[in-house]
1. Greater than 31 Å separation of Cα atoms is the criterion. Which listed pairs, K121/K222; K60/K162; K191/K242; K132/K162, meet it?
2. Give the cross-link partners of K238 among the aspartates and glutamates, using a straight C-alpha distance below 16 Å as the criterion and excluding same-chain residues fewer than 8 apart.
3. Rounded to two decimals, what ratio of Rg to Rh does the chain give with C-alpha atoms and a Kirkwood Rh?
4. Taking N as the number of residues in region 149-242, what is its alpha-carbon radius of gyration divided by 2.2 N^0.38 Å?
5. Could you list the residues of region 167-184 with an amide nitrogen less than 20 Å from a label point located 7 Å from the Cα of T155 in the Cα-to-C-beta direction?
6. At 0.36 nm per residue, and after removing the present C-alpha to C-alpha distance, how many nm does the segment from T142 to N32 gain when stretched out fully?
7. So for the pair D73, N172, with labels modelled 7 Å out along Cα→Cβ, what separation do we get in nm?
8. Between N129 and D184, what is the spin-label point distance in nm, taking each point 7 Å from the Cα along the Cα→C-beta axis?
Amino acid sequence: MKVFVFRHWSWILIIVVLSCKSIELKNDKNNNFQGKIIFEITTIIENEERFDKELNSFIKKEDSLYKINHPNDIMGSIASTLRLELDPRENPSRFNTYYFPQKSVYSFTDTLITYNFSKFKVEINKSTNYYKRYDIRTNEVTEVKKYLFYNPQKTYKETIYKDSIKNINGFNCYKVLISEESNDGNFIDYKEMFVTEKINSPYHPVRIRMELLEKYYPLEIKIYSDFLKDKFTYFKVKLIEKSIP
C-alpha cells in the first residue's frame, strides 16, 4: 500500500509540474512584445548584366503587345513607364531604398503600435485594431480605418529549416522560406526569413500572414521573385529594445 501511495503521489506531482510548465509557456506566448524595433530596408541588384537582359526582354515583349492591342493610343509605347516601375535605378526619389536605405522605427506598448513613414505618424490601437494616421507637420488626422491583417486566400508553401540558425540582436532565429503566387498569378514570390518565437506580435512592417505571425516573428527578410531574379529587398533589424515591465 505504501508503494502504491508513493507512486500515486509521484504521478500527481509530475502532472502538476507539467501543467504549471504548460501554463508558463502559454502565458509567455500570450505576452505581446513591448519595446522598440528598428528595421532597415534596402534594395539591391545582385547581377546588373543579367538583370538588364531579363528586364529588356520583358519590356520589349510587353511593349509590342501593348502596341498591337492599342493601335490608336497616342502614348504609343509603355516602355519608359515599365522601366520606371520595374528598375529601381530609374527612380531618384529619396524614398527609393536602392539609393537611400530607409529605417522604420516601430514602438510597441500594451495598447498601441506607433511608427513613422514619409511625413506621417501612424498609431494602431491593439484593442480596437483601428489605424490612425497623422500629418507630422500639423498633427492633423489624415486617415482613420480598421487595420486589415494580411490573410490572402491564395495558397502558399512554408518550408522550415530549424538547422539553419542565426543570432539577431540576442534572439536565436531559424530560417523559414515562404513561396506563393504573385498577385497577377504569373510568377512565384519568395520571402526568405529568419524568425524568433520569443517575440509575439501580429503587427509587422512586411505583409506577413496572420497565421504565421501567430507562430513566430521575422527579424530578417529577403524578398525576391522568379521574375527579375537579381532584384532583392532586405528587411533587417538594426536594434531591439525591450521595455522593462
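Each value in this text was obtained by applying a stated rule to the coordinates, not by laboratory testing. Note that the structure is a prediction, hence the values are computed from the model and not measured. Counting neighbours? That spans all protein chains shown, and the Cβs are built from the backbone with ideal geometry, glycine included.
1. Pairs exceeding 31 Å: K60/K162; K132/K162.
2. Straight-distance partners of K238: E40, E220.
3. 1.11
4. Rounded to two decimals, the normalised Rg is 1.08.
5. It comes to 177-184, nothing else.
6. Length gained, T142 through N32: 36.8 nm.
7. Result for the modelled spin labels: 5.5 nm.
8. It works out to 3.1 nm between the two label points.
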